[in-house]
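Asks: Below: one structure in structure tokens.
The values are calculated or read from the model by the stated rules, or taken from the named source; none is laboratory data. Keep in mind that this is a model prediction, so the values were computed, not measured. Neighbour counts run over all protein chains shown; Cβ positions are idealised from the backbone, glycine included. The area values use the complete protein model at the heavy-atom level, side chains included, leaving out ligands, DNA and RNA. Shrake-Rupley method; radii C 1.70, N 1.55, O 1.52, S 1.80 Å.
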Amino acid sequence: MSGVKIIPIGQPRTVRERLLEALGDLLARQGFDGLTLEAVARAAGLERAVVLRHFQDLDDMVTAFGQSAAFWPPVSELRAEVADRFVAMPQKAQLAHFFKATIRGLLARPRTLDILAWELMSRNRYTRLLEYPRVRCALEFFESVTGEVPDSLDLTAVVAVLGGAAMFLTVRSRQSGVFGGLNLYDDEDRDRVDRVLDMIVAGILREAEVR
């Protein structure tokens, strides 16, 4: 039985939320090709003029969607499980927790995983707008890590490699259920991935400290 809780979409409370939900659903189903204000308005059952009362343009709407917790887990969510003990955790545990929590946060957002799959096949200004909030989230998280990160540690590269691996594994799990013999929706398999992340991060820090 999986311990991952899927983020509920539910019924939007406002027209703005309704439009963002329609945008997210449209991106998950059809990707970025043919994405227009008119397409989002039709998906939401609204007129284009209504959309422009709430968003300046499509870029503004995509930006708002990317910044929403419905799309990407915020730092508060990533730290929620260890919030009361994060500061006291060893630095290697703090760093590893980011990738573990990101995996759980993405698994709880199947629509986001579908959008990330489309991103692999399309590169445009909308995909870049969706990237910015992810970068800010990582920066905010790692700013809260206690202790001095070794000067020899290329943290940007570490985040890119391990974060990319987390995204790829979750997208593949969403698409095919099992990847490399692992089902990330299974608690035991996810624990196996957690242990490997602990070992990788510990090894990276150990190597950086001796340089």
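Asks: Taking the simple approach of a point 7 Å from Cα along Cα-to-Cβ for both residue 153 and residue 29, what is their distance in nm?
Replies: A separation of 4.5 nm, rounded to one decimal place.
Asks: Given the C-alpha centroids of the range 130-164 and the range 41-91, what is the distance between them in whole angstrom?
Replies: Centre-to-centre (Cα) distance: 20 Å.
Asks: Shifting gears a bit: Could you please state how large a percent of the accessible area of the range 89-211 is carbon and sulfur, counting protein chains only and using a 1.4 Å probe?
Replies: Here carbon and sulfur together make up 56 percent of the probe-accessible area.
Asks: On each of the three principal axes of the Cα atoms of the range 153-199, give max minus min coordinate, whole Å, ordered largest first.
Replies: That works out to 33, 21, 13 Å along the principal axes.
Asks: A further question follows. To the nearest 10 square angstrom, how much accessible area does residue 121 have with a 1.4 angstrom probe?
Replies: For residue 121, solvent-accessible area is about 140 Å².
Asks: About its Cα centre, what dipole magnitude does the range 86-160 give when the only charges are +1 on Lys and Arg Cβ and -1 on Asp and Glu Cβ, stated in debye to the nearest 20?
Replies: The calculated dipole for the range 86-160 is roughly 420 debye.
Asks: If you don't mind, another one. Identify, among 51, 122, 176, the residue whose Cα sits farthest towards the positive end of the charge dipole of the chain, taking +1 on the Cβ of Lys and Arg and -1 on the Cβ of Asp and Glu, with the dipole about the Cα centre.
Replies: It is 51, whose Cα lies furthest towards the positive end.
Asks: Another one. Taking a 1.4 Å probe, which of 132, 185, 126 shows the most accessible area, and what order do the others take after it?
Replies: 132, 185, 126
Asks: OK, next. Show me, for the range 86-92, the HN-Hα J-couplings you get by feeding each phi into the Karplus relation (A = 6.51, B = -1.76, C = 1.60, θ = phi - 60°), rounded to Hz, glycine and proline as x.
Replies: 4, 4, 7, 6, x, 4, 5
Asks: Compute for the range 95-190: radius of gyration divided by Kirkwood radius, i.e. Rg/Rh, restricted to C-alpha atoms, rounded to two decimals.
Replies: 0.99
Asks: Let me ask something additional. Using θ = phi - 60° and the Karplus curve 6.51 cos²θ - 1.76 cosθ + 1.60, what whole-Hz ³J(HN,Hα) does each residue of the range 163-169 get, with Gly and Pro shown as x?
Replies: So the Karplus estimates, Gly and Pro as x, are x, x, 5, 4, 5, 5, 4 Hz.
Asks: Per residue, how large is the accessible surface of the range 64-167? Use a 1.4 angstrom probe and give square angstrom.
Replies: Value returned for the range 64-167: 47 Å² of accessible area per residue.
Asks: Next question. For the residue pair residue 206 and residue 91, what label-to-label distance in nm results when each label sits 7 Å from Cα along the Cα-to-beta-carbon direction?
Replies: Placing both labels 7 Å along Cα→Cβ, they lie 1.6 nm apart.
Asks: Sticking with this one: Using only the C-alpha atoms of the chain, find the volume of their convex hull and express it per residue in Å³.
Replies: In the chain, the Cα hull volume divided by residue count equals 137 Å³.
Asks: Still on this structure, please answer the following. Once the whole set of protein chains is in place, how much accessible area is left on residue 207, using a 1.4 Å probe, in Å² to the nearest 10?
Replies: Accessible area, nearest 10 Å²: 90 Å².
Asks: Continuing with this model, one more query. Subtract the Cα-Cα distance of residue 48 and residue 125 from 0.36 nm times their separation in residues, and report this length gain in nm to one decimal.
Replies: 25.6 nm
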